[in-house]
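Q: Let me begin by handing over the structure; questions about it come next.
Rule-based calculations on the coordinates, nothing more; no lab input. Note that this is a predicted model, so its numbers are computed, not measured. All Cβ positions, even for glycine, are placed from backbone atoms using ideal geometry, and neighbour counts span all protein chains on display.
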Amino acid sequence: MSPVREGAPVAVVGAGTMGAGIALVAARAGHPVRLLDVRPDAARAAVAELVARLDSLAERGRITADQARAAAERLTAVARTTDLAGCAVVVEAVAEDLAVKRALFADLETVVDAGALLATNTSSLSVTAVASGLRHPGRVVGLHFFNPADRMRLVEVVRGEATDPPVVDDAVDLARAWDKTPVVCTSTPGFVVNRVARPYYGEAQRMVEEGVADPATVDAVLREAGAFPLGPFELTDLVGQDVNLAVSRSVWEQTFHDPRYAPTVFQQRLVDAGRLGRKTGRGVYAYDAMGRACDATPSTEPPRPAPAHVVVQTFEGRTGFDVMAPLLDRIAAGGVVVERVELDEQDGDLPTPGIPLPGGAHLLETYGVAASGSYASDGRPVVLLDWAHDATTCTRVALSASADCPPVSLAAAVGLCQAAGVAVSVVGESPGGIVARTVAMLVNEAVDLVGRGEATAEDVDVAMILGTGYPSGPLEWGERPGVDAPFVLERLHEAFPTGRYRLSPLFERAERAGRLLREL
Ligand SMILES: NC(=O)c1ccc[n+]([C@@H]2O[C@H](COP(=O)([O-])OP(=O)(O)OC[C@H]3O[C@@H](n4cnc5c(N)ncnc54)[C@H](O)[C@@H]3O)[C@@H](O)[C@H]2O)c1
């Protein structure tokens, strides 16, 4: 193998959604591109559509007219595999079917030079399995583009069991030359993004099943407090509940039914009912003719009066507010007098951190324990404040109250948070609330992937930010002061001892070594 030369001919097989986008990327990067599809005329139609897209880019001033013309001239539709002879790279984007991909690569091996790089854009099949049976499986690598391929920067470079290390390096260089940001991973189920993102959907579905909140409220809390670009229900309605369930099922099956990836009855029911999302007019939400969700209103508390003055009880530096500390400043800026009082240990009793509320309950941030089982309150009722990704800017927070919490305390907690200028959702009890529970699961999944040596910590964070638009890489989240993901997970594991919430051993390794997760 030798690195792919600038301007070397590239073949793209499969002229559908992904193949067309990849052909455009390669042509714009200066390669003559031959596009092949099994459907008669599909490649020709795709080239015509790409030329129109290039013209439109030029009209909008995104590229010059010369660049558009040059890229268009590099695109050729071909009709037979033998037309691909002489190509230095073949990117396969045909149907997601192992037998089809294997047959294609076996055919290609007889056509292209021994030094050509063979890449598969599979999103769920094992690159190892795609390459097996070939004469030179060492030159097969995964190049997993994201949709739309010409606009998404991320490319996962997937190393199969047999992939030669220089081929991985060549694929990384090629992705960079194509103006993409490559991350490298092994051929593990779901690769990086589809693997680490699983709990984003799975936890949300479980929380609805458990009655913690309705979908619209879960979506709103994760968007407005968690700073995720889209809530898990609106996102799965967008990509299709059937597509999302198929990915979940695939990862679960490829991990031999690891409970961590088990799909949910909630989602299966939607699919059974034909409620596939926007494309069928109904999924989790119902959509009107304009494509607007008609029933996506989150539960939001009406305005409540805030106490005029609150005391934040502090003991040995613990306030009961770590991640959410900036909200206290916003509450003060909203006109509430916020006083901090340092308490001492009395007769062996540890003082309760947090804010005592009218009616006797305490308000403090979630630390993983469901409100009714909270021991930070020293036997008193509590109201737990869920995390926000950025408590200085969040526009919503979620509160949950213990079963014995007097309504007057909960109303005061709502008013206090509203004084900070945020909407408030009161949700049911859950270890870790909605945001902390979701984040803890994402952190665990990411840490586990790194701990197994499937990808580096840096690549996992880059992949999740670029591939999903999460506000932070999960490992970066896990290292933020006050974020105790292992503690949240242990409480989830106590509540639901199915194995889904087991902690990655890397947490313990990091703690013993006294190092950050990203340093291991
Ligand atoms: N759509 C996505 O969001 C997405 C994202 C990343 C990866 N992928 C993967 O990319 C691949 C293609 O997905 P897509 O969404 O573009 O599918 P698609 O259905 O839009 O296109 C597939 C194309 O391949 C052609 N084809 C099928 N068998 C062929 C063969 N043997 N030889 C030549 N052409 C053949 C079909 O005629 C079709 O035009 C799949 O492996 C998929 O998992 C898809």
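Q: With a 10 Å Cβ neighbour count serving as the proxy for reagent exposure, in which order, fewest first, do Ser409, Ser124, Ser402 appear?
A: Ser124, Ser402, Ser409
Q: Out of the chymotrypsin sites (Phe, Trp or Tyr not before Pro) in region 174-282, which ones are loop residues according to DSSP with at most 13 other C-beta atoms within 10 Å?
A: For chymotrypsin sites (Phe, Trp or Tyr not before Pro) across region 174-282 that sit outside H, G, I, E and B with at most 13 neighbouring Cβ atoms in 10 Å, the list reads Phe256.
Q: With only alpha-carbon atoms counted, please give the Rg and Dmax of region 363-477, in Å.
A: Both quantities, over Cα of region 363-477: 16.5, 51 Å.
Q: Now for a different question. Report, as a whole number in µm² per second, the diffusion coefficient that Stokes-Einstein gives for the chain at 25 °C and 0.890 mPa s using the Kirkwood radius over alpha carbon pairs.
A: Result for D is 98 µm²/s.
Q: Further, regarding this structure: So what is the diffusion coefficient of region 193-243 in µm² per second by Stokes-Einstein at 25 °C and 0.890 mPa s, using a Kirkwood Rh over Cα pairs?
A: Estimated diffusion coefficient is 222 µm²/s.
Q: If you take every residue apart from Pro474 with its C-beta less than 9 Å away from the C-beta of Pro474, what net charge results, scoring Lys and Arg +1 and Asp and Glu -1?
A: Residues close to Pro474 contribute a combined charge of -3.
Q: Quickly work out the Arg153-to-Thr395 label distance, labels modelled 7 Å from Cα along the C-beta direction, and quote it in nm with one decimal.
A: Inter-label distance under the simple model: 2.5 nm.
Q: FRET efficiency for Gln346 and Tyr375, Cβ-Cβ distance as r, R0 = 22 Å, nearest 0.05?
A: For R0 = 22 Å, the calculated efficiency reads 0.80.
Q: Percent relative contact order of region 159-304, based on C-alpha pairs within less than 8 angstrom and at least six residues apart?
A: Dividing the mean separation by the residue count of region 159-304 yields 21 percent.
Q: Could I ask something else about it? As a footprinting exposure proxy, order Met18, Met152, Met207 by other Cβ within 10 Å, with the fewest listed first.
A: Taking fewest neighbouring Cβ atoms as first place, the list is Met152, Met18, Met207.
Q: Give me the net charge for the shell around Pro3: Cβ to Cβ below 10 angstrom, other residues only, Lys and Arg +1, Asp and Glu -1.
A: Computed value for this residue: -3.
Q: Spin-label point model (7 Å from Cα, Cβ direction): what's the Thr255 to Gln67 distance in nm?
A: Using points 7 Å along Cα→Cβ, the separation is 4.1 nm.
Q: If you don't mind, there's one more thing I want to ask. Could you work out the relative contact order of the chain, using alpha carbon pairs under 8 angstrom and six or more residues apart, expressed as a whole percent?
A: Working: 1079 pairs, mean separation 60.5, N = 520.
Result for the chain is 12 percent.
Q: Evaluate the distance, in nm, between pseudo-label points positioned 7 Å from the Cα of Ala333 and of Glu6 along their respective Cα→Cβ axes.
A: It is 4.9 nm.
Q: Right, here's the next one. For a quick check: sort Asp97, Asp164 by the number of other beta carbons within 10 angstrom, fewest at the front.
A: Details: Asp97 12, Asp164 17.
In increasing order of surrounding Cβ atoms, one gets Asp97, Asp164.
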